[in-house]
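The values are calculated or read from the model by the stated rules, or taken from the named source; none is laboratory data. Nothing here was measured: the structure is a model prediction, and the numbers come from that model. Note that we place each Cβ from the backbone using ideal geometry, even for glycine, and neighbour counts take in every protein chain shown. These area figures cover heavy atoms from the full protein model, side chains too; ligands, DNA and RNA do not enter into them. Shrake-Rupley method; radii C 1.70, N 1.55, O 1.52, S 1.80 Å.
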Amino acid sequence: EPQSFEFWGKRSNGEVFPKEVRMYRGSYFGKDGLIAVASDITDRKKAEAALRESEHHYHLLADNVSDVIWTAGKEMVLTYISPSITALTGYTPDEFMRLRLEETLTPESGRRLMASREEVVAGIAAGHPAHVVLLVLRRVETRFLELEPAWPAPAAALTKHEEKGRTP
């Protein structure tokens, strides 16, 4: 089983750079030994830092808007929901994420959401870029929320539309 670790390298000009070292058991001219391969990972480290910065900015925005912003995996399991869900439902984001879809949306809204999901998944399978659907979220009963299509938008958002209250 190969082992790997990150370490620092030094270029001939004296510049220090990050590298990944992978070590394998092997043989060299018939003798057992350890083979080490080092790779410059400067570009990967820059990309990781840019991603962290982008995620930080996204969460700064999403966590501080009054609209409800959410993300979900392809099976429609929530991976993130903004704190503003509490003002609409009374649930904290953690509590809301533990609820099943049927516990939060009207049956028609659940069908509408799954149809939107199917459309996005089919588009991705056909080679089209993923797109985001903007939906308006509003309370229709004590217990349920309703989704209404708004328009395609460049950011994922469910917009708080009506009265606050806690759903069971």
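Read through the list (1) free of Cβ contacts under 8 Å to residues at least 12 places away in the same chain; (2) under 30 Å from PRO2 (Cα atoms); (3) in contact with a strand residue (DSSP E or B) (Cβ under 7 Å, 6 or more places away or on another chain), then give the number of the only condition that ASP43 fails.
It fails just one condition, (3).
Please state which one of ALA47, ALA115 is within 30 Å of TRP8 (Cα to Cα) and modelled with pLDDT of 80 or more.
Values: ALA115 fails: within 30 Å of TRP8 (Cα to Cα).
Going through ALA47, ALA115 in turn, the sole match is ALA47.
In the stretch 92-111, what count of residues is obtained for those that are in a helix (DSSP H, G or I) and either out of contact with any Asp or Glu (no Cβ under 8 Å at 6 or more places or on another chain) or of a type in the set (A, V, I, L, M, F, W, C) (or both)?
Of the stretch 92-111, the ones in a helix (DSSP H, G or I) are 93-97, 101-103, 107-111.
With the extra rule that they be either out of contact with any Asp or Glu (no Cβ under 8 Å at 6 or more places or on another chain) or of a type in the set (A, V, I, L, M, F, W, C) (or both), the set shrinks to 93-97, 101-103, 107, 111.
Here the count works out to 10.
Could you check the stretch 74-83 and list, in sequence order, the residues that are open to solvent by 50 Å² or more (accessible area, probe 1.4 Å) and at pLDDT 85 or above?
THR79, PRO83
Take the residues of the stretch 5-43 that are open to solvent by 90 Å² or more (accessible area, probe 1.4 Å) and of a type in the set (Lys, Arg): which is modelled with the highest pLDDT?
Among residues in the stretch 5-43 that are open to solvent by 90 Å² or more (accessible area, probe 1.4 Å) and of a type in the set (Lys, Arg), the one modelled with the highest pLDDT is LYS10.
Look through THR86, THR71 and report the one residue that is surrounded by 13 or more Cβ atoms within 10 Å (Cβ to Cβ), assigned to a strand (DSSP E or B) and β-branched (Val, Ile, Thr).
Result of the check over THR86, THR71: THR71.
Cβ-Cβ under 6 Å, sequence separation 6+ or interchain: first residue in the stretch 8-20 and farther than 24 Å from ILE35 by Cβ and outside any strand (DSSP E or B), partner open to solvent by less than 50 Å² (accessible area, probe 1.4 Å) and not aromatic (Phe, Trp, Tyr). Which pairs?
none
In the stretch 51-68, what residues are in a helix (DSSP H, G or I) and farther than 27 Å from GLU118 by Cβ?
LEU51, ARG52, GLU53, SER54, GLU55, HIS56, HIS57, HIS59, LEU60, LEU61
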